[in-house]
Structures are given as C-alpha cells and as structure tokens.
Amino acid sequence: MPGVELGDDVIVGAGAVVTRSFPSGSVLVGVPARPLRRAEAQGQGKDSSARPANAEVGRSDSAGPRGST
C-alpha cells in the first residue's frame, strides 16, 4: 500500500494484510495486520543457546517414531 513502511527485521505472518506502518522488530499477524509482539534481536534473547525453531522435539536418535521392531 502506498505510504506503508516496515522497519528492519519485521516478521509478517502468512496471510497477514499490512495496512499501516510498523516499527523495527515487530511481529505482525491477522487481517488487518496487528502487532503480536516485538521480536528479540538474534543472540540477545533469554537463552541464546536455545535450539532453532525447526528442531525436532521429543525424539531419541536411537529409536524411530514407532520404536524398534
């Protein structure tokens, strides 16, 4: 949209419709887009050693999803 500006590192959720400007670090969702929260700068969160968001949870490398057969 004309005149809409997004700051650096803005995250826009899938399907969100941005109708106004937002500052850096905003996380936007919805129709119309609204701020969900402010994104933390990379490496400056509560625990910078946390696993990536796409890491698998709750699986052991020694057994498959159904265990051994």
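Would you check if ALA39 is modelled with pLDDT of 55 or more and in contact with a Leu (Cβ under 6 Å, 6 or more places away or on another chain)? Against the criterion (modelled with pLDDT of 55 or more and in contact with a Leu (Cβ under 6 Å, 6 or more places away or on another chain)), ALA39 does not qualify. Residue count for segment 1-25 satisfying the condition of being under 15 Å from GLU40 (Cβ atoms) and in a loop (DSSP other than H, G, I, E, B): 7.
Evaluate the following for VAL31: is it in a loop (DSSP other than H, G, I, E, B) and at pLDDT 95 or above?
Yes, satisfied.
The values are calculated or read from the model by the stated rules, or taken from the named source; none is laboratory data. None of these values were measured; they are calculated from a predicted model. Cβ atoms come from the backbone with ideal geometry, glycine included; neighbour counts cover every protein chain shown.
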